[in-house]
Amino acid sequence: MDDDGTVKVYLDNELIPDAGDSLRDALGIAVAKSDTAGRVIVEAVADGVAVPGDHLADPPERAPYAGELRLVSVEPRSLVRDAFQEAGKALMEMRSTQRKIAESIHAGDTASAMNNLQDVVSTWSSTKTATEDGCSLLGLSPDEFFSTEPTSGQSPFNCLLECLGELKRAVATEDWPAIADTLEFELTEQAEDWSAKLESAAARLA
């Protein structure tokens, strides 16, 4: 904090003068500077401690918020690349889990299947979010980014959403045969396809 009681705000180690005393004011100015430079803020640290997510989503009005606020920005391409690589790897590793769940269901062991099912649902949910958010940062829709050639049929992303919707319906109604079929066939194929798509996309963004 400066001698006059104002917060010292840094963006990528560069001091931002007159950035205000509240977190809301500081973020507003820093985000505007980052946008102008074509970058996005990915980290916020106040007095050596990471700023809580709820404070970033809804900044408190207290002022001064901290003595020192340090913000870090990155190019969207590098952020999206890392997210796509992580999602692609997670899908590759998840294929065996999907098959094991299907095998458990076929064997009548639905309790074991349910124990592992949440991890699969969580991984697909994270993949969907990473794909949508990543494409949004690049200024494109998933269909625009991942469709490599014109098609009159269903887009790859919509096809994935349809499969995930079927899994959600089957889980909600405890339709075990449908869960097994969706995991063993449709979503195993989707995992292989989207793992390759995401890895390829990450390579293009390198």
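Of the residues 59, 52, the single one that is over 30 Å from residue 196 (Cα atoms), touching a Leu at 6+ places or on another chain (Cβ under 7 Å) and without any contact (Cβ under 8 Å) to a residue 40 or more places away in the chain is 59. Considering the conditions (1) closer than 20 Å to residue 80 by Cα; (2) exposed (fewer than 15 other Cβ atoms within 10 Å of the Cβ); (3) modelled with pLDDT of 90 or more, residue 173 is excluded by exactly one of them, (1).
Only a single criterion out of (1) modelled with pLDDT of 90 or more; (2) farther than 30 Å from residue 109 by Cβ; (3) among the polar types (S, T, N, Q) is not satisfied by residue 182, namely (2).
Residues considered: 83, 87, 30. Of these, the only one that is crowded, with 18+ Cβ neighbours inside 10 Å, in a helix (DSSP H, G or I), outside the structural domain of residue 129 (by TED's automatic domain parsing) and modelled with pLDDT of 90 or more is 30. Of the helices (runs of 4 or more DSSP H) lying entirely inside the range 96-206, the ones with 3 or more residues being closer than 28 Å to residue 78 by Cβ and charged (D, E, K, R) are found at 110-137, 187-204. Looking across the range 41-67, the residues that are outside any loop (DSSP other than H, G, I, E, B), more than 14 Å from the chain's Cα centre (by Cα) and either surrounded by 16 or more Cβ atoms within 10 Å (Cβ to Cβ) or among the hydrophobic types (A, V, I, L, M, F, W, C) (or both) come down to 41, 44, 45, 46, 49, 50, 55, 56, 57.
The values are calculated or read from the model by the stated rules, or taken from the named source; none is laboratory data. Model, not experiment: these values are computed from the prediction. FYI the Cβ positions are ideal-geometry reconstructions off the backbone, even for glycines, and counts take in every protein chain you see.
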